[in-house]
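The values are calculated or read from the model by the stated rules, or taken from the named source; none is laboratory data. Here the structure is a predicted model, which is why all the values come from computation and not from measurement. Positions of Cβ are generated from backbone atoms using ideal geometry, with glycine treated the same way; all protein chains shown enter the neighbour counts. Areas reflect the complete protein model, heavy atoms only, side chains present, ligands, DNA and RNA absent. Shrake-Rupley method; radii C 1.70, N 1.55, O 1.52, S 1.80 Å.
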Amino acid sequence: MRIEELSVDERVKRIIRERGIEELYPPQAKALKSGVLEGKNLVLAIPTASGKTLVSEIVMVNKLLHEGGKAIYLVPLKALAEEKYREFKAWEVLGLRVAATTGDYDSTDEWLGKYDIIVATAEKFDSLLRHGSSWIRDVKLVVADEVHLIGSYDRGATLEMILSHMLDKAQILALSATVGNAEELAEWLNAELVVSDWRPVELRKGVFSHGQLFWEDGKIDRYPSSWDSLVVDAIKKGKQALVFVNTRRSAEKEAVSLASKIYRLLTKPEQRKLEELTESLESNPTNNRLREALKKGVAFHHAGLGRSERTVIEDAFREGLIKVITATPTLSAGINLPAFRVIIRDTKRYSNFGWVDIPVLEVQQMMGRAGRPKYDKRGEAIIVAKTEDPKKLMERYVFGKPEKLFSMLSNESAFRGQILALITNFSIGNFRELIEFLERTFYFHQRSDTSQLEWKAKEIVYFLIENEFIDLDLNDHFMPLLFGRRTSQLYIDPLTAKKFRDAFPKLEKNPNPFGIFQLIASTPDMGTLNARRKEMEDYLDLAYEMEEKLYVNIPYWEDYTFQSFINEVKTAKILLDWINEVPETRIYDAYNIDPGDLYRILELADWLMYSLIELYKLFEPKEEVLAYLRNLHLRLRHGVREELLELVRLPNIGRKRARALYNAGFRTQEDIIRAKVSELLAVEGIGMKVIEGLFRYFGVELPGASKKGADERNPKKRRGTLDDFLR
DNA sequence: CATGGCTGAGTCTAGACAGCATGTC
DNA sequence: CTAGACTCAGCCATG
């Protein structure tokens, strides 16, 4: 179908044509003829890269131009919110305004009311709903990207609840990977269903077993016995490869081992550019391992990498500079990074229940990464069989149907938070209304029986009453309490809130970082960090050493809580090191964690620390304790000792610059205002830009006329790390 | 007796959303 | 029940 035949606004057609698109892909055409343009709900289950985004753009923009209102575009990842935001920005020429909102920026927030297309993570939108922003009622369309995540254990419930809320209030466009029961999903959403496996780039799938490559069409190719020959072969053909493995360790190992084989296939300019790229990376244990592979044209990609490293790798791969990426599932969903050949080395993964087969849905998503639309005529996805029977793998993953989606609403911890929100933020007044609402969910649609769910809900309601999140009046009417409402708005698990609250009396008597960090780490919202077997004794010793600082009793070795307690101590110790300015690299070494892990821990601790303070405020807070907590929060956010807090409040001054300034004798803001520019320039990490920013902040003219920067090349800058300070 | 290599037992394992008020090196 | 990479202690052979 040609663009001009579309029955949408002329302006929409014009912009699409300007992008060079004249013809729609068949599934796109089918989707747009389904009635979505007339306002019907639609479930669109087609492969990645087959044009889901364009369909949603057309539907969104056309609707907004004709009816006004707002469209919400839900994504599962912050990185995706960013990506979609940039794509949708193009529609601003039509006068529509586009915004993105994730946990990283903004909140309630009334300013979003000015925008027409809002990209948000599911959790963020859920939070916005809870805050009850006035513009929510203008939402006319909800696009849910990657809606199959409704079946994800820990995050599915959120998406399900959002859709349950918005059903009947807005048009729904659900974009899904191919799943086993798309019909069921469509029925629930009262939607049309368009399913297709058409792709713009042909996908050829196969299974590799000991030198033989069995293609799905029955043809067999011969290779050397090791699967890495498939990678080398792709690079020799001038293509790229993506290798999926199941652990970080494997990703790193395979990257280094492939690098030794890829290296000689690089051109001189490529080698030079890679060398440059390698040099530009900050030095730390993880990055050093990465560098070893990177300079030879291979990279590994997993959640232990820092944010900037990830983007550097992604960009360099898209550019064609990096030839191979070995990755954990970070890359299987999420950002779009296709390659000609995809190798799936592992089809099993370690989970809480031991070794499990990776779901068909996930493997097919990995395979879907094969083939770059503009560069390749086709893509190749190859599963490696080691001990397993290649026929079985072929049957299961190549010809097999992906799993059915199951509602995860009954997941205890997610359900607890959702029930609380229904009562405190969505004015569900009594148990009957609660059940009525639950009958709108996918869970009910799927099982048409809520007895189990009702039973669980009842238990949760009792828990919420018992712990004063809510109350019951004489007519069995729910009465939200402030504690409950705030917990729900802070978006923390009620269990976390309860833990905090229970600890307040002890905390008040003995506020100290270690106790508070252990408390935060013991929360279900913190996520886990595993202490190694060999470390356990050390952390236990530490716990006993710090016993009087803790707000809990140290469990016995045989207690079932022992392992998690040790993990909490480890986490607390890391946070303690962080606010005592232990250099990052030493933290990575001492705790055997990667930069991405530290980043994650800090992000979580920051959020939970804020929540702890907010909840403390509700219970007759002591002013000095509150001040102490706020201080600690700031130290946690910036990773500094108390003495740097004043400096760290300044613009562009973080832990490193603040420490450098302090050691150079600038200990207060006053010191800096009075300093000569040349003196400040002599401090490590301080340049003209930073100084200009500082004085702008102070609202003071730059002192002295030495703006020319005669001292700028001062060779002996003072180093600013704590180590140097202590030396 | 010191060194080095082999072997078997033991250990460890993916990812990433949320608040709020503004800017890391 | 199903994996794979790695570490480490213990053992043996070698010089």
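Scanning segment A:131-171 for residues that are of a type in the set (A, V, I, L, M) and at pLDDT below 95 turns up just one, A:Ile136. Between A:Gly51, A:Gly39, A:Gly35, the distinction of being crowded, with 22+ Cβ neighbours inside 10 Å and either more than 16 Å from DNA strand B (Cβ to nearest atom) or more than 28 Å from A:Trp607 (Cβ to Cβ) (or both) belongs to A:Gly51 only. Considering A:Leu54, A:Leu77, the condition of being closer than 30 Å to A:Trp111 by Cα and touching a residue at least 40 places away in the same chain (Cβ under 8 Å) is satisfied by A:Leu77 alone.
Consider segment A:623-643 and keep the residues that are more than 30 Å from A:Gly685 (Cβ to Cβ) and open to solvent by less than 20 Å² (accessible area, probe 1.4 Å). The one that is farthest from DNA strand B (Cβ to nearest atom) is A:Val625. Exactly one residue out of A:Glu620, A:Glu646 is more than 12 Å from DNA strand B (Cβ to nearest atom), open to solvent by 50 Å² or more (accessible area, probe 1.4 Å) and assigned to a helix (DSSP H, G or I), and it is A:Glu646. The residue that is farthest from DNA strand C (Cβ to nearest atom), among those in segment A:351-385 that are open to solvent by 20 Å² or more (accessible area, probe 1.4 Å) and touching a strand residue (DSSP E or B) at 6+ places or on another chain (Cβ under 8 Å), is A:Lys377. Only one of the numbered conditions (1) of a type in the set (S, T, N, Q); (2) open to solvent by less than 10 Å² (accessible area, probe 1.4 Å); (3) over 16 Å from the mean Cα position of the chain (by Cα) is violated by A:Ser134, and that is (2).
Applying the set (1) in a loop (DSSP other than H, G, I, E, B); (2) open to solvent by 10 Å² or more (accessible area, probe 1.4 Å); (3) more than 10 Å from DNA strand B (Cβ to nearest atom) to A:Glu83 leaves exactly one unmet item: (1). You will find that of A:Leu189, A:Leu281, the residue that is aliphatic (A, V, I, L, M) and at pLDDT 95 or above is A:Leu189 and no other. The one condition from (1) part of a helix (DSSP H, G or I); (2) under 26 Å from A:Glu670 (Cα atoms) that A:Leu615 does not meet is (2).
Only one of the numbered conditions (1) open to solvent by 60 Å² or more (accessible area, probe 1.4 Å); (2) away from DNA strand B (no atom under 16 Å from the Cβ); (3) more than 15 Å from A:Leu495 (Cα to Cα); (4) not assigned by TED's automatic domain parsing to the domain that holds A:Ser229 is violated by A:Phe406, and that is (2). Segment A:336-436 holds helices (runs of 4 or more DSSP H) entirely within its bounds, and those carrying 1 or more residues that are among the small types (Gly, Ala, Ser) map to A:412-424. Just name the residue that is nearest to DNA strand B (Cβ to nearest atom) out of those in segment A:649-667 that are part of a helix (DSSP H, G or I) and of a type in the set (A, V, I, L, M). Result: A:Ala658. Report, by residue number, each residue of segment A:388-403 that is open to solvent by 50 Å² or more (accessible area, probe 1.4 Å), more than 21 Å from A:Gly371 (Cα to Cα), away from DNA strand B (no atom under 16 Å from the Cβ) and not basic (Lys, Arg). Answer for segment A:388-403, where residues must be open to solvent by 50 Å² or more (accessible area, probe 1.4 Å), more than 21 Å from A:Gly371 (Cα to Cα), away from DNA strand B (no atom under 16 Å from the Cβ) and not basic (Lys, Arg): A:Glu388, A:Asp389, A:Glu395. Looking at A:Ser427, is it under 24 Å from the mean Cα position of the chain (by Cα), of a type in the set (S, T, N, Q) and not assigned by TED's automatic domain parsing to the domain that holds A:Met526? Taking the combined requirement at face value, the residue does not satisfy it. The set of residues from segment A:329-346 being β-branched (Val, Ile, Thr) and at pLDDT 95 or above comprises A:Val342, A:Ile343, A:Ile344.
Name the residues in segment A:438-450 that are surrounded by fewer than 19 Cβ atoms within 10 Å (Cβ to Cβ) and assigned to a helix (DSSP H, G or I), would you? Within segment A:438-450, A:His445, A:Gln446, A:Arg447 meet the criteria. Among the candidates A:Tyr616, A:Tyr610, A:Tyr628, A:Tyr599, the residue that is more than 16 Å from DNA strand C (Cβ to nearest atom) and in contact with a Pro (Cβ under 6 Å, 6 or more places away or on another chain) is uniquely A:Tyr628.
Flag not set for A:Lys169, criterion: crowded, with 21+ Cβ neighbours inside 10 Å and among the basic types (Lys, Arg).
Which of the residues spanning segment A:105-122 are surrounded by fewer than 18 Cβ atoms within 10 Å (Cβ to Cβ) and either of a type in the set (D, E, K, R) or within 11 Å of DNA strand B (Cβ to nearest atom) (or both)? Across segment A:105-122, the qualifying residues are A:Tyr105, A:Asp106, A:Ser107, A:Thr108, A:Asp109, A:Glu110, A:Trp111, A:Lys114. Checking A:Ala255, A:Ala251, A:Ala327 one by one, the residue that is more than 11 Å from DNA strand B (Cβ to nearest atom) and either open to solvent by less than 10 Å² (accessible area, probe 1.4 Å) or hydroxyl-bearing (Ser, Thr, Tyr) (or both) is A:Ala255 and no other. Across segment A:1-43, the number of residues qualifying as among the β-branched types (Val, Ile, Thr) and part of a helix (DSSP H, G or I) comes to 5. Take A:Leu604 and decide whether it is on the phi < 0 side of the Ramachandran plot, surrounded by 21 or more Cβ atoms within 10 Å (Cβ to Cβ) and within 12 Å of DNA strand B (Cβ to nearest atom). Answer is no for this residue.
Looking at segment A:436-447, which of its residues are within 32 Å of the chain's Cα centre (by Cα) and of a type outside the set (Phe, Trp, Tyr)? If the condition is that a residue be within 32 Å of the chain's Cα centre (by Cα) and of a type outside the set (Phe, Trp, Tyr), then A:Leu438, A:Glu439, A:Arg440, A:Thr441, A:His445, A:Gln446, A:Arg447 are the ones that fit.
In this structure, does A:Ser152 turn out to be more than 16 Å from DNA strand C (Cβ to nearest atom), small (Gly, Ala, Ser) and under 19 Å from the mean Cα position of the chain (by Cα)? Yes: the conditions hold for A:Ser152.
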